[in-house]
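The values are calculated or read from the model by the stated rules, or taken from the named source; none is laboratory data. All of these numbers come straight from a predicted model, not from anything done at the bench. Virtual Cβ from ideal backbone geometry, glycine too; neighbours counted across all protein chains shown.
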Amino acid sequence: MTELITPAEADSRISSSLTTLPAEEVPLARAVGRRLLSPILADRALPPYHRSMMDGIAFKASTIPADNHITIAGLHAAGSPPPGPLTPGHAWEIMTGAIVPDDCDTVVPYEQLAPDLSKILAAFKPGQFIHPAGADASTDDILVPAGATIGAPEIAIAASVGQTTLTVPRRPKVGILTTGDEAIHPAAVPEPWQIRRSNGPTLAAILDFHGIPIEFQQHTNDDEADLGKSLDQALESVDMLITIGGISKGKKDFIRPLLEDRLGKAAFHGISLRPGKPLAFWPGPPDVFALPGNPVSVLATFTRFVRPALNQIQGLPNPRRRTMPPKDIKALNKLTWLLPLGNRRQPLPPGNSGDFSSIAGAVGVLEIPPSPEFESDTPLDFYPFTA
């Protein structure tokens, strides 16, 4: 490792090297959660016609007699073209969403009519219960600006103006390369000196949750030649590569020299952080994050650094949010602490970076600055695993 840098300096070096992915067109069903690159415009006035807001009757107010008795001319439903002219003293029985005819200026709901619809029982005034044409938007008005994160309302708006696809940044193609002689397939029966792999399945599940395709996923033992071949294969096919293990000071930790041969010097290798101090980053393309191998370190550093980078290249906001630290939490003397928290902000500190069973129920990590920077009454950055 080189000289340790702060998490803030790591953020700066990562962020300054990342490039937003090119655009692609996606159908509405695949657009939720993506960032909109082109605004959604009104293709006509909204609503496009004077729209009835109630089930009831429609008429011209000035033609109704003083005793409020009326004659129903017929039924006018939503989706029907405007009916013919209306005789004074008559009204159309009208449904919600129907176009209000040009010779009508008032809608009265059923609740304010005699049961046989022969008389209006309440006071009324022209314009009531009518949603005027163009009240919401004019043709070519921006309904959703570029840069917005697409949710359910944006899908509805797009469909309403005839857009069946939306322009968004392409999803990043991500690779996961796990390493370690001791780590075997989860379905295998381990020898006493072996463990089952958990890091690859963990990150694959999180990436799948966020709709990010995994272009490459492989486990390679701690053999320099085999690791080199795996790295070459991965680097040719992804936008971002995540390696796990082999980045510390052990004699079989080959990831750093192999990546330096291919990509040059790392932007950094080593952060004043617990867990995850050996984290390294190479700017792309493709961008490479080299995570340490212990499971808590993997989850913490992926959540704190890799996921924000994935958001940035898609033009999405950083997933962090602010929250108050739990009571009676003390900072580490010199290192920033990524503390796992449960969904009620209860701290779930592991015994060590390999003690992943102790963080069951955790939903993210809280970044606690080192003492004396830590102030227990100040909100801190919280990074959720999946939210």
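Can you pull out the residues in segment 273-286 that are farther than 18 Å from residue 349 by Cβ and not in a strand (DSSP E or B)? Reasoning before the result, please.
If we filter segment 273-286 for residues that are farther than 18 Å from residue 349 by Cβ, which is where we start, we get 278-286.
Within segment 273-286, 278, 279, 283, 284, 285, 286 qualify.
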Just the residues that are out of contact with any Leu (no Cβ under 8 Å at 6 or more places or on another chain), over 16 Å from residue 244 (Cα atoms) and not in a helix (DSSP H, G or I), please, taken from segment 187-212. 187, 188, 189, 190, 191, 192, 193, 194, 211
Residues of segment 6-52 being touching a helix residue (DSSP H, G or I) at 6+ places or on another chain (Cβ under 8 Å) and in a strand (DSSP E or B), which ones? 40, 46
Set 229, 173: member being basic (Lys, Arg), more than 30 Å from residue 44 (Cβ to Cβ), surrounded by fewer than 20 Cβ atoms within 10 Å (Cβ to Cβ) and free of Cβ contacts under 8 Å to residues at least 40 places away in the same chain: 229
For residues that are touching a residue at least 60 places away in the same chain (Cβ under 8 Å) and aliphatic (A, V, I, L, M), scanning just segment 184-206, find the one that is surrounded by the most Cβ atoms within 10 Å (Cβ to Cβ). 203
If you check residue 241 against the conditions, is it crowded, with 18+ Cβ neighbours inside 10 Å, part of a strand (DSSP E or B) and touching a residue at least 24 places away in the same chain (Cβ under 8 Å)? yes
Restricting the search to segment 87-101, which residues are part of a loop (DSSP other than H, G, I, E, B) and farther than 17 Å from residue 128 by Cβ? 87, 88, 89
What is the one condition in (1) at pLDDT 95 or above; (2) under 30 Å from residue 285 (Cβ atoms) that residue 51 does not satisfy? (2)
Within the set of pairs 6+ apart or on separate chains, which have a first residue in segment 315-341 that is closer than 30 Å to residue 169 by Cα and free of Cβ contacts under 8 Å to residues at least 24 places away in the same chain, a second that is surrounded by 16 or more Cβ atoms within 10 Å (Cβ to Cβ) and of a type outside the set (Asp, Glu), and C-beta atoms under 7 Å apart? 318/308; 318/311
Going through 46, 21 one at a time, which residue ends up being over 30 Å from residue 127 (Cβ atoms), hydrophobic (A, V, I, L, M, F, W, C) and under 48 Å from the mean Cα position of the chain (by Cα)? 21
When residues of segment 300-337 are limited to those that are part of a helix (DSSP H, G or I) and not hydrophobic (A, V, I, L, M, F, W, C), the one surrounded by the most Cβ atoms within 10 Å (Cβ to Cβ): 301
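Quickly run through segment 112-169 and pick out the residues that are of a type in the set (Lys, Arg) and either without any contact (Cβ under 8 Å) to a residue 60 or more places away in the chain or under 20 Å from residue 317 (Cβ atoms) (or both).
Scanning segment 112-169 gives a single hit, 119.
Quick check on segment 128-140. Is at least one of its residues closer than 30 Å to residue 241 by Cα, under 34 Å from the mean Cα position of the chain (by Cα) and not basic (Lys, Arg)?
Checked against the condition, which is being closer than 30 Å to residue 241 by Cα, under 34 Å from the mean Cα position of the chain (by Cα) and not basic (Lys, Arg), segment 128-140 yields no hits at all.
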Going through segment 213-238 one residue at a time, which ones are more than 19 Å from residue 182 (Cα to Cα) and assigned to a loop (DSSP other than H, G, I, E, B)? 213, 236, 237, 238
Search result, residues across segment 135-157 that are closer than 22 Å to residue 99 by Cα, in contact with a Leu (Cβ under 7 Å, 6 or more places away or on another chain) and small (Gly, Ala, Ser): 137
